[in-house]
1. Give the relative contact order (percent, whole number) for region 200-276; include only Cα pairs under 8 Å separated by 6+ residues.
2. What share of Cα pairs, in percent, lie more than 14 angstrom apart in region 359-430?
3. Sorted by packing (mean other beta-carbon atoms within 10 Å per residue), highest first, where do 25-35, 306-316 land?
4. Taking the simple approach of a point 7 Å from Cα along Cα-to-Cβ for both residue 60 and residue 238, what is their distance in nm?
5. Rounded to the nearest 0.05, what FRET efficiency is calculated for residue 82 and residue 109 with R0 set to 22 Å and r the Cβ-Cβ distance?
6. Explain nothing, just the number: relative contact order of the chain, from Cα pairs under 8 Å at least 6 residues apart, as a whole percent.
7. Helix 445-460 against the longest principal axis of the chain: what's the angle in degrees, Cα atoms only, rounded to the nearest 10?
8. Would you give the gap between the C-alpha center of region 16-31 and the C-alpha center of region 213-275, rounded to a whole Å?
Ligand SMILES: Nc1ncnc2c1ncn2[C@@H]1O[C@H](COP(=O)(O)OP(=O)(O)OP(=O)(O)O)[C@@H](O)[C@H]1O
Ligand SMILES: [Mg+2]
């Protein structure tokens, strides 16, 4: 085999026989070399062990077995800061910023003494702000005021801050764990520019993602984990996406899905002229019983906000939401002021932000699933542990949640499996209308198809589904109709016979006429995930 220039050099980092066992082994006998100036893609199903391996390299988790070498010397970091001091850094899958501190403070929290920002023990605020602006400019976000509190930023921008923070200072090895899960395509491009710059400087990068087309774009080599074992390492050019998927899941997965025979009935949910400020402007649509209605659009177009208004998580200024009281009956306007009203009426919202809104991480899967379903697991007002467990078991099986069982704390699950718990909680409830906001973000290819299958089952039962997704291909795969949001308006509703990717994209841009508006409204990532 001919070696590229960087593969011919000695490895910067080698890991040998690395394994990790919690109750059961989650990583076993991993051997891997990283070379200066290369990007190694690391992929595998949810729970395959990608984040665990990263955390071991990044000093956050102790390996149970194995050794590592960095630049020719033994490397066994005792902590994340020990690893960082040696130039090994990672952007974690779950954000680690402090929401109550400013962007500037988050960026330099760990670098105050080294970066000359301390004078006589005081923080030099002006200099801090200046440096922060420089760091943000590197990732193309110089428009953000460094004094903004991180908690006030959208989740995509928070992710960019996390990335910027890791580009500060010396870096020999950089691990990016699902860095683009929440980014728009413009931000992805900025990130890729940074990656190219780091490569040119001789940094070795590990890039973890479920978006296979990104891996092909960014990486020279790919390593595939399955059930904690490294099953294949190869040059990217030697493998097709299909081959990678097959190696990941150990079976073949088609690009097609059969959602079964559905009877699309009478209108069940009717949204009329709903709005809030200029974020959501007079949106109307209806969804029939048994129908899957997609909501597409650029990030920032008001899709999430629309779901929140329907659900009562934010208060609408205008418009009505109506629901058919019985199948076939005319929809009746609802009074929804809070999510509790929506849930009582039979409307569920499955959110994209599993950490912020969805889950109680220290609690077991069982408690998280039954949360919001207390009625069905309680007897005489007391939660019945047996029923709670049975309900959790059912969801674990239906969703193929990879876990040690209902008693395992949700915080110990892999990112994608946490997302499944959020979905499982709502599936356990009897809701007529399910609003899904980015349901498959961070979820592996095989599990996505599990979720599509579940959606099909829900629709066959006569429920109405609304699915917000940035992945156009996903919507075109599972939806009966797609409404496109643009700058707060619904600029088009398409059905299967009259949609095309071009028409959907044109509608997504229709609301942004001026350049100014475009600058503020980020782009799609309809290229999305596989
Ligand atoms: N602290 C912990 N205690 C027990 N088990 C854990 C702990 N942390 C991780 N695990 C288990 O290790 C396995 C691998 O998890 P990991 O987070 O590495 O997966 P991943 O490949 O990153 O998945 P994803 O694509 O969903 O992010 C999972 O089964 C997870 O439940
Ligand atoms: Mg992970």
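Each value in this text was obtained by applying a stated rule to the coordinates, not by laboratory testing. Every value quoted in this text rests on a predicted model; they were computed, and no experiment measured them. We place every Cβ from the backbone using ideal geometry, glycine too, and count neighbours over all the protein chains shown.
1. Details: 47 pairs, mean separation 13.6, N = 77.
Contact order relative to length: 18 percent.
2. Here the long-distance tail beyond 14 Å is 50 percent of all Cα pairs in region 359-430.
3. Per-residue mean Cβ counts within 10 Å order the peptides as 306-316, 25-35.
4. Label at residue 60, label at residue 238, 3.1 nm between them.
5. After rounding to 0.05, the efficiency reads 0.85.
6. On the way: 1081 pairs, mean separation 82.9, N = 530.
16 percent.
7. Here the helix axis deviates by roughly 10 degrees.
8. 26 Å
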